[in-house]
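Input: a single structure, listed below in structure tokens.
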Amino acid sequence: MVVVNTAQPPADHDPSSFYRTAEPRPDWTVWREGPLMVLSKGVAFPMCCVKCGAPAQRTVRTKLMWHNPWLYLLAAFPGVLVYAIVATLVSQRAELDVPVCELHRVRRLKAIWAALAILVVSVVGPLAYMSTFTARDGDPVGVACALVPLGGLIALIVAIVGARLVVPTFIDGRVVKLKGAGEAFLAKCPPMV
Ligand SMILES: [Zn+2]
């Protein structure tokens, strides 16, 4: 008769089963590798904010993609289109529910709203500016064409920096490695040695 110890996580969900280094922790699913979080695909985070380690009330569904950084060379040669096709085909994917406390959830939402506001202003502003021009003032389209992409770029940077909770540094069929965790969260994680 086979006895299954249900107190232990399944072998596939336990990083120690393939790293053979960290001690199994059924109560804690994330390991630490320097500044990185390491967890098995398919396991849930412990409900602590990844930024400050405080008890988390909510999670943010996060879809991640990762490929070998050498693939970026394809964007230089043969080109961005080939890179995009290859990257889509070979990228490893993971979907995580990342826990955050109320403070960091609100901070993230504010960054998203700020990015949207910058985007709207960068489109509406040049249009309003153009409407004040008369034919004698010359062609205002060039000004608008310069300002709209600039505003869009700033909005994108604000959204990425403010809204992104974790960034994958490695994903394969079993493991996800992430940066972006705060030291207070990492301090709770047993180290990968
Ligand atoms: Zn927090």
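The values are calculated or read from the model by the stated rules, or taken from the named source; none is laboratory data. Given the structure is predicted, the values throughout are model-derived calculations rather than measurements. When we count neighbours, we look across all protein chains shown, and the Cβ atoms used for this are built from the backbone with ideal geometry, even at glycine.
Structural remarks
- Counted residues, region 25-52 - those being in a strand (DSSP E or B) and polar (S, T, N, Q): 1
- The residue that is surrounded by the most Cβ atoms within 10 Å (Cβ to Cβ), counting only those in region 24-72 that are of a type in the set (S, T, N, Q) and more than 15 Å from the ligand (Cβ to nearest atom), is 40.
- Qualifying residues in region 93-116 (those that are closer than 17 Å to residue 156 by Cβ and touching a residue at least 12 places away in the same chain (Cβ under 8 Å)) - the one nearest to the ligand (Cβ to nearest atom): 108
- Hits in region 45-79 (condition: polar (S, T, N, Q) and either touching a residue at least 60 places away in the same chain (Cβ under 8 Å) or touching a Phe, Trp or Tyr at 6+ places or on another chain (Cβ under 8 Å) (or both)): 59, 62
- Boolean, residue 74 is more than 17 Å from residue 181 (Cα to Cα) and either at pLDDT 90 or above or part of a strand (DSSP E or B) (or both): yes
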